[in-house]
Amino acid sequence: MVGGVVVYQRLQPPKAPVVTAARPPAPVEAVAALGQLEPDGDVRVLAAPITGIGGSPRITELLVSEGDKVQAGQLLARFDNQPLQRAELALIRTRIANLGRRLTIQTRDLERYRQLASDGAYAAADLDALEQRTLELQGELQEARASLVKAGTDLVNTELRAPIAGTVLRIQSRVGERPGDKGILELGASDRMEALVEVYESDIDRVRLGQAVTLTSENGGFEGSLQGTVRRISPQVRQREVLSTDPTGDADARVVEVRVRLDPRDGARVASLTGLKVIARLQP
C-alpha cells in the first residue's frame, strides 16, 4: 500500500477454559457440649412456714431421704411449733363450747323476759340490756369460730406435705435446723429424665429440635452412653454454669441452654443421678 503502513496481526487460537475439580462439601461435625442430668418435669423447692415473728420454725422430724419417691399429700417433715398450735386449737374449741352453752342459756332467758316485758312484768330497760349482752355473746362466738379456722390453718403449717408426687432430689435442711433461703428440700415432679446442655453460641446454628444426642458421663457415673433428642432450645444467650473439670476452661463463655429428653429406658437407668455431669454429642 502506497504512503501507508501495513500491519499484520497473527491470530491466536482461543484458550480453552480451565476446568477445576469440584471439591466435596466439608462434612458437618457433631456439636459437643457439657451438661447435667435433671428430672424431665417440674422441680419444687419446699420451704418452711413463716411464723408470726417473721422466722421459720425448727425441724423436729424429717421423714424422707434423698432419692425417696413420695405421693401427693405425703407427710415429709414436722416443726417445733406443732405442740403449741395443738394446745391453742384445743383452747379455742373449749372457749367455743363454753360460749355456745352461755348463749343457749342467754337466748332462753331472753325469750322468757321478752314475754314478761310484753305483759308489763319486766322493765324495758332491763330487756334492752339483756338483748345487748346476748348480741355480745353472739359476736364473741363468731370471733372464736374465726380463730378456730385460723388455728386450724396454723396447725396445718406445722407439717410439710408433698404438694405433688415425685422424687426427693435434695435435702437442704436437717432436724434441729431452721430452714433458710434454700428451703427444706427439692422435689422433682417426674421420674422421666433429661439433660440440660450448654452449647457454645458459636455452635448453636448447628442445633435443631428433634436432633439425636448421645450422652456419656464425664466422671464415670454410669456405663456406656445415653440416647436422647433435643426438645427445647432456649432463645437466650447467657453465661456458662455447668463448668468443666478442666481448670483452664473458659468459665465466662457464652452459651445457649438446650434441653435433651432421654429415651425412657436410658432415663430409668439414671433416675437417681440428678445433677450428674455429662458430655453431649449432638449428631449432625
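Just the residues that are surrounded by fewer than 19 Cβ atoms within 10 Å (Cβ to Cβ), at pLDDT 85 or above and small (G, A, S), please, taken from the range 35-58.
A47 - this is the single residue of the range 35-58 that is surrounded by fewer than 19 Cβ atoms within 10 Å (Cβ to Cβ), at pLDDT 85 or above and small (G, A, S).
Can you tell which of P284, P179, P247 is surrounded by 15 or more Cβ atoms within 10 Å (Cβ to Cβ) and either modelled with pLDDT under 90 or part of a loop (DSSP other than H, G, I, E, B) (or both)?
P179
What number of residues within the range 233-244 satisfy the criterion of being outside any loop (DSSP other than H, G, I, E, B) and at pLDDT below 90?
Residues that pass the stated criteria total 2.
For A271, indicate whether it is surrounded by 15 or more Cβ atoms within 10 Å (Cβ to Cβ) and at pLDDT below 85.
Details: surrounded by 15 or more Cβ atoms within 10 Å (Cβ to Cβ): yes; at pLDDT below 85: yes.
Taking the combined requirement at face value, the residue satisfies it.
Residues of the range 128-176 being touching an Asp or Glu at 6+ places or on another chain (Cβ under 6 Å) and not in a helix (DSSP H, G or I), which ones? Don't jump to the end; show me each part of the working.
Of the residues in the range 128-176, the ones touching an Asp or Glu at 6+ places or on another chain (Cβ under 6 Å) are 151, 168-171.
Hits for the range 128-176 are V168, L169, R170, I171.
Answer yes or no as to whether L62 is in contact with a Leu (Cβ under 6 Å, 6 or more places away or on another chain), buried (at least 17 other Cβ atoms within 10 Å of the Cβ) and outside the structural domain of A151 (by TED's automatic domain parsing).
Values: in contact with a Leu (Cβ under 6 Å, 6 or more places away or on another chain): no; buried (at least 17 other Cβ atoms within 10 Å of the Cβ): yes; outside the structural domain of A151 (by TED's automatic domain parsing): yes.
Criteria not met by L62.
Among the candidates V175, V256, single out the residue that is over 15 Å from E38 (Cβ atoms), in contact with a Ser or Thr (Cβ under 7 Å, 6 or more places away or on another chain) and assigned by TED's automatic domain parsing to the domain that holds Q74.
Details: V256 fails: assigned by TED's automatic domain parsing to the domain that holds Q74.
Within the list V175, V256, the selection yields V175.
If you take the residues in the range 182-202 that are part of a loop (DSSP other than H, G, I, E, B) and in contact (Cβ under 8 Å) with a residue 24 or more places away in the chain, which one is surrounded by the most Cβ atoms within 10 Å (Cβ to Cβ)? Spell out how you get there, then give the answer.
Looking only at the range 182-202, we keep the residues that are part of a loop (DSSP other than H, G, I, E, B), and these are 182-184, 189-192, 201-202.
After this cut, where a residue has to be in contact (Cβ under 8 Å) with a residue 24 or more places away in the chain as well, the list is 182-184, 189-192, 201.
Details: K182: 12, G183: 18, I184: 25, A189: 17, S190: 17, D191: 16, R192: 15, E201: 12.
Only one residue fits best here, namely I184.
Conditions: (1) farther than 30 Å from E29 by Cα; (2) part of a helix (DSSP H, G or I). D205 meets all but one. Number of the miss?
Condition not satisfied by D205: (1).
Could you please let me know if A144 is in the same structural domain as R102 (by TED's automatic domain parsing), crowded, with 17+ Cβ neighbours inside 10 Å and modelled with pLDDT of 90 or more? Please lay out each step first, then the result.
Working: in the same structural domain as R102 (by TED's automatic domain parsing): yes; crowded, with 17+ Cβ neighbours inside 10 Å: yes; modelled with pLDDT of 90 or more: yes.
Judged against the criteria, A144 is a match.
So L155 clears everything in (1) surrounded by 16 or more Cβ atoms within 10 Å (Cβ to Cβ); (2) closer than 30 Å to R178 by Cα; (3) free of Cβ contacts under 8 Å to residues at least 12 places away in the same chain except one condition, right? Which one?
(3)
The values are calculated or read from the model by the stated rules, or taken from the named source; none is laboratory data. Just so you know, these numbers come straight off a predicted model, no measurement behind them. Every residue, glycine as well, gets a Cβ built from its backbone with ideal geometry; the counts of neighbours run over all protein chains shown.
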